[in-house]
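Written below as structure tokens is the structure these notes are about.
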Amino acid sequence: MAAPNFVSRLNEQIANEFAAHQQYVACAVHYDGETLPQLAGFFYRQALEERDHAMMMVQYLLDADADVVIPGVAAPQNGFDDIVAPVALALDQERRVTDQINGLVACAREEGDFTSEQFMHWFVKEQVEEVATMSDLLRVVERSRDDPMEIENFIAREHPAVEGDDPTAPHPAGA
Ligand SMILES: [Fe+2]
Ligand SMILES: [Fe+2]
């Protein structure tokens, strides 16, 4: 039985993950409109990962026989001044989500809900990777802001479209 306090916090996090999805779609569309297909593809794929995160949380609540409420989400930022702005925004977002995930771990622990705490551990590890990826990418776009093809080449080389599946990842609902 998941702690009610944790269940309500996890429902809020589902909204945050869906909002992250929408934000990354907006970033992808911006780059697509600028004919930067590698950056666009990278953000389209990131968006799908955020949707998966939301759906993993939905599956956990279903499995725990807890209430799940599919939320509306805050509108993302659309329209960016330059090639750097979407990545800077993405890094801010990942840092914020890391705080949210850590807050959920703390909540589960305070409630003595060890099952929920264990569920959250995968997300703790995932956030380390996501913050590292975005902060590396920010360094690259800042360095090569006047040479977008360098950035495109970096993405093609370091973040190819097909990345390996993580067998330790929680199951997303419906997948
Ligand atoms: Fe996420
Ligand atoms: Fe993320």
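The values are calculated or read from the model by the stated rules, or taken from the named source; none is laboratory data. Because the structure is predicted, anything quoted here is derived from the model rather than measured. Neighbour counts run over all protein chains shown; Cβ positions are idealised from the backbone, glycine included. To get the accessible areas, we keep the full protein, side chains included, count just its heavy atoms, and leave off ligands, DNA and RNA. Shrake-Rupley method; radii C 1.70, N 1.55, O 1.52, S 1.80 Å.
Note on segment 120-140: residues that are within 24 Å of residue 17 (Cβ to Cβ) and either among the basic types (Lys, Arg) or over 18 Å from the mean Cα position of the chain (by Cα) (or both) amount to 1.
Each row is one residue, and each column tells you yes or no for (1) charged (D, E, K, R); (2) in contact (Cβ under 8 Å) with a residue 12 or more places away in the chain; (3) part of a helix (DSSP H, G or I); (4) within 14 Å of ligand 2 (Cβ to nearest atom).
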{"residue": "17", "(1), (2), (3), (4)": "yes, yes, yes, yes"}
{"residue": "20", "(1), (2), (3), (4)": "no, yes, yes, yes"}
{"residue": "30", "(1), (2), (3), (4)": "no, yes, yes, no"}
{"residue": "38", "(1), (2), (3), (4)": "no, yes, yes, no"}
{"residue": "42", "(1), (2), (3), (4)": "no, yes, yes, yes"}
{"residue": "45", "(1), (2), (3), (4)": "yes, yes, yes, yes"}
{"residue": "50", "(1), (2), (3), (4)": "yes, yes, yes, yes"}
{"residue": "60", "(1), (2), (3), (4)": "no, yes, yes, no"}
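Would segment 72-80 turn up any residue that is more than 16 Å from ligand 2 (Cβ to nearest atom) and farther than 30 Å from residue 35 by Cα? Within segment 72-80, one or more residues are more than 16 Å from ligand 2 (Cβ to nearest atom) and farther than 30 Å from residue 35 by Cα. May I ask you to verify whether residue 82 is open to solvent by 20 Å² or more (accessible area, probe 1.4 Å) and touching a Lys or Arg at 6+ places or on another chain (Cβ under 9 Å)? Answer is yes for this residue.
Select from segment 73-95 the residues that are free of Cβ contacts under 8 Å to residues at least 12 places away in the same chain and assigned to a helix (DSSP H, G or I) and write down the one among them that is nearest to the chain's Cα centre (by Cα). If we take residues in segment 73-95 being free of Cβ contacts under 8 Å to residues at least 12 places away in the same chain and assigned to a helix (DSSP H, G or I), then 92 is nearest to the chain's Cα centre (by Cα). Taken over segment 22-67, the criterion of being among the hydroxyl-bearing types (Ser, Thr, Tyr), surrounded by 20 or more Cβ atoms within 10 Å (Cβ to Cβ) and within 16 Å of ligand 1 (Cβ to nearest atom) is satisfied by 24, 60. Restricted to segment 8-18, and to residues that are among the aliphatic types (A, V, I, L, M) and crowded, with 20+ Cβ neighbours inside 10 Å, which residue is nearest to ligand 1 (Cβ to nearest atom)? Here the answer is 14.
Of the residues screened, residue 132 is one that is at pLDDT 95 or above, among the small types (Gly, Ala, Ser), closer than 30 Å to residue 83 by Cβ and in a helix (DSSP H, G or I). Please give the number of the condition residue 55 fails out of (1) away from ligand 2 (no atom under 13 Å from the Cβ); (2) touching a residue at least 12 places away in the same chain (Cβ under 8 Å); (3) within 19 Å of residue 155 (Cα to Cα); (4) of a type outside the set (S, T, N, Q). Condition not satisfied by residue 55: (3).
Taking the residues in segment 156-171 that are more than 30 Å from residue 64 (Cα to Cα) and at pLDDT 85 or above as candidates, determine which candidate is most open to solvent (accessible area, probe 1.4 Å). Selected residue: 157. The one condition from (1) open to solvent by less than 40 Å² (accessible area, probe 1.4 Å); (2) in contact with a Lys or Arg (Cβ under 8 Å, 6 or more places away or on another chain) that residue 138 does not meet is (2).
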